Amino acid sequence: MRVTVVGAGYVGVVSAAVLAYLGNRVTCIERDPARLAAWRGGDDPLREPGLRELLQRVDVRFAPEATDLAESEVIVVAVGTPMGSDGRPDLEQVETAAAQIGAHARSGAVVLMRSTVPVGTCDRLQNGPLRAQRVVSNPEFLREGHALRDAFFPDRIIAGGPADAARGVEELYRRIIDRESLPDLDDAERSSAPVPFRWMSAASAELTKYAANGFLATKLSFANEIANLAQAVGADAAAVLGSMGLDPRIGSQFLRPGLGWGGSCFPKDTRALQAIADGMGYDFLVLKAAIDQNARQLRGFAAAIERALRPRSQVGLLGLTFKAGTADTRESPAIALARLLLQAGLSVNAYDPAVRDLPAEPRIRVRSSVLDACEGADAVVIATEWPEFAAMDLRAIRRATRGDLLFDGRSLIAPSSAAAAGFRYAGPTGFVGGAIETKAVTTRLGTAA
Ligand code: UDX
């Protein structure tokens, strides 16, 4: 089939590459000239593992505008829906794409909405600019850093819209559903069962995406709460969370405590879900608490660092991306932490294997190695779970630092290894909430705290 993909970000390019791999003729439209030039030059500005190699094997045409919309049977909308100032997604790019598609696409073409949009958006577009086409909500569940694996071996494919579009959409994904001759991706989990394909209303598909991300974020906030409490009562958070996860109803993933969750999806999608609930006059208590807990988790961690240091002390910050395995710094807890530390009058030298400079944050000095960032530091702070930080030579770092504090915001280092290298160690949790906070700081950092 002829497919046009609007938007060459994560979702757009991964969808384009996958659909081309499945045998379709794909054009991917990108209005940002720098990003377009990068893709056209064979570069991957997103640094997504395997994507550049896949694009070399398949035929995706990148173009600045949609000249062949009229020939396309399927049009994928994968433009950004960034968080607006009121917490609701800004739909400007979706509206622009819809107007263009409505004006040029053939009647009956399937418009696959892969951008995350508020519930009701697809039906509204179906009854407005896209009334001649068939609008199908088809949310994606890609994780950055694992996008190809998640696209070729998804846990499920969710889609919803006019009933007469169901078969065509299912056929588009047929080889993925049947797990047929898909590329070798090293760590892909193989299963012979077909991928569940769930067809529903557009509103249900739209809500499924928010519900999934809202639930995962809530799970993380809950795990952080348990870890904080474990700290207070003298229990071992890792033992508790690890044992909880053995119950398949709970599951072992997404239980790693940390300084808070971030990224391009969770903060935006949880706020949007809350806005959807608010808009209906529904008070979504659990979600609100998860969002608040996340902010409190980060503030508590930052406050503990501030309390342990004298004004104008220097922090060696390890990690800037919102998680390991990506170069993405959007809504990164590491950067939010750096801002809080700077506000408190500390200075921050940072290192991240995927970030060379941060033009938008000139006060964070980006260094070229762990040792550079930690040279003369009064405290070392781990903010992203890069494997290289778990394996670093703590003794060499301790020789480079001035102070002996190690704040491990991602539970990467064994406290005993930190102690053996001469560090006083604090993990990411236990720094929120009155009594808990005081006890945690004094027990873990000793009198200097
Ligand atoms: C997420 C969803 O997983 C994906 O399905 C959706 O399509 C987009 O949003 P992503 O933003 O790439 O993907 O990141 P993810 O790997 O889910 O991590 C989100 C945040 O949670 C990160 O800040 C990460 O560091 C944090 N996290 C994750 C933890 O703190 N602990 C964990 O155990 C897991």
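Yes or no, residue by residue, for (1) of a type in the set (A, V, I, L, M, F, W, C); (2) over 24 Å from Gly258 (Cα atoms); (3) within 16 Å of the ligand (Cβ to nearest atom):
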| position | (1), (2), (3) |
| --- | --- |
| Val169 | yes, yes, no |
| Glu180 | no, yes, no |
| Trp199 | yes, yes, no |
| Ser204 | no, yes, no |
| Gly214 | no, no, yes |
| Leu220 | yes, no, yes |
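Within region 296-324, take every residue that is without any contact (Cβ under 8 Å) to a residue 60 or more places away in the chain and away from the ligand (no atom under 15 Å from the Cβ) and give me the one that is nearest to the chain's Cα centre (by Cα).
Ala302
Name the pairs: first residue in region 325-340 and open to solvent by 40 Å² or more (accessible area, probe 1.4 Å), second residue near the ligand (Cβ under 8 Å from one of its atoms) and in a helix (DSSP H, G or I), Cβ to Cβ under 8 Å, at least 6 apart or on different chains?
If the second residue must be near the ligand (Cβ under 8 Å from one of its atoms) and in a helix (DSSP H, G or I), the pairs left are Glu331/Phe266.
Can you go through Arg198, Arg167 and tell me which one is at negative phi and part of a helix (DSSP H, G or I)?
Selected residue: Arg167, the only one of Arg198, Arg167 that is at negative phi and part of a helix (DSSP H, G or I).
Could you tell me whether Arg131 is within 18 Å of the chain's Cα centre (by Cα) and of a type in the set (D, E, K, R)?
So Arg131 does not fit the description; no.
Against the condition of a type in the set (S, T, N, Q) and away from the ligand (no atom under 12 Å from the Cβ), how does Ser243 come out, does it pass?
Yes: the conditions hold for Ser243.
Do we have any residue at all in region 249-266 that's at pLDDT 95 or above, within 10 Å of the ligand (Cβ to nearest atom), at positive phi and surrounded by 19 or more Cβ atoms within 10 Å (Cβ to Cβ)?
yes
Any idea how many residues of region 140-157 are more than 8 Å from the ligand (Cβ to nearest atom), part of a loop (DSSP other than H, G, I, E, B) and open to solvent by less than 50 Å² (accessible area, probe 1.4 Å)?
2
Which ones in region 275-295 are away from the ligand (no atom under 16 Å from the Cβ) and in contact (Cβ under 8 Å) with a residue 60 or more places away in the chain?
Ala275, Ile276, Val286, Ala289
The values are calculated or read from the model by the stated rules, or taken from the named source; none is laboratory data. Owing to the predicted nature of the structure, the values given are computational and were not obtained by experimental measurement. Using ideal geometry, Cβ is built from the backbone for each residue, glycine included, and neighbour counts are taken over all protein chains shown. The protein model used for the area step is the full one, side chains on, heavy atoms only, and it has no ligands, DNA or RNA in it. Shrake-Rupley method; radii C 1.70, N 1.55, O 1.52, S 1.80 Å.
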